[in-house]
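Written below as structure tokens is the structure these notes are about.
The values are calculated or read from the model by the stated rules, or taken from the named source; none is laboratory data. A quick note: this is a predicted structure, and the numbers were derived from the prediction, not measured. When we count neighbours, we look across all protein chains shown, and the Cβ atoms used for this are built from the backbone with ideal geometry, even at glycine. The area values use the complete protein model at the heavy-atom level, side chains included, leaving out ligands, DNA and RNA. Shrake-Rupley method; radii C 1.70, N 1.55, O 1.52, S 1.80 Å.
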Amino acid sequence: MSVNSKVRLGVNLDHVMTIRQARFTPYPDLKQAIVLAERAGADGITMHLREDRRHIQDDDVYLAKQVIQSSMNLEMAATDEMRDIALNVKPENCCIVPEHRQELTTEGGLDVIKHGSRIKDITLALTEASIVVSLFIEPDLNVIDASAEAGAPVIELHTGTYASREGEKQIQELQRIKNAIAHAASLGLVVNAGHGLHYENVEPIAKIENIYELNIGHSIVAHALFVGLEAAVQEMRIKMNS
Ligand code: PXP
């Protein structure tokens, strides 16, 4: 968590399973993907069990928990169903995300101000089961305050806006993220970040002081089509450390 320590890389394997679910085939194999990602230097494996089960399935989550040697980060909506699954699976980490059925991917962060009491209840239930909870939020100082009040020790800042912008607008969003991280660190929160990060835009984010972990999926899986998963993870690590 200190300034210059290596930023952790959580590899999100959702889109390996997107390929399987496109045809309901037995391949590609999640276990193999986990082993290769970890061998290549992943510090953790992330997966999102969506309410519509479009990629990761319930059985995948249980299997992953058996196979993962590093640490498992289960992304999930703040529902009773997902809370109960998490309490059964007992991943090391849970990241609470907003979820809208029609979205292509997670759009924006949790509204912790509006849904504070629900998020607080789920955070407490998971924390009591020794699961480290993070809240996926916008880099907004008020939402960071609300996250600390909800009792989450970790936040994950949404970098999707940064990723979708260019030039001066991207620099402005980068500054907003830097300010948010400084504020969160002053409150004692651990700060992760993710969404939309790829090989060309990850460096400025990985260089920010006090960033603990980046969770990256789509770009790594896409690159793996051409270079293989191990090389894709290794290349991302190199970019993050450069
Ligand atoms: N972090 C969170 C909370 C997410 O929901 C996602 C997407 O599932 C990611 C990180 C990874 O985003 P991407 O696939 O764009 O790298």
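Here are a few things to note about the model shown:
- Segment 9-59: number of residues that are within 17 Å of the chain's Cα centre (by Cα), farther than 19 Å from ALA231 by Cα, crowded, with 17+ Cβ neighbours inside 10 Å and charged (D, E, K, R): 1
- Check on GLY151, on the phi > 0 side of the Ramachandran plot, in contact (Cβ under 8 Å) with a residue 24 or more places away in the chain and more than 17 Å from the chain's Cα centre (by Cα): yes
- Members of segment 189-233 found to be charged (D, E, K, R) and in a strand (DSSP E or B), listed by number: GLU213
- Tally, over segment 151-167, of residues that are crowded, with 24+ Cβ neighbours inside 10 Å and touching a Ser or Thr at 6+ places or on another chain (Cβ under 9 Å): 4
- Residue in segment 175-182 that is surrounded by fewer than 15 Cβ atoms within 10 Å (Cβ to Cβ), more than 16 Å from the ligand (Cβ to nearest atom) and more than 20 Å from VAL7 (Cβ to Cβ) present: no
- Restricted to segment 183-227, and to residues there that are open to solvent by 50 Å² or more (accessible area, probe 1.4 Å) and among the hydroxyl-bearing types (Ser, Thr, Tyr), the residue that is farthest from LEU157 (Cα to Cα) is SER186.
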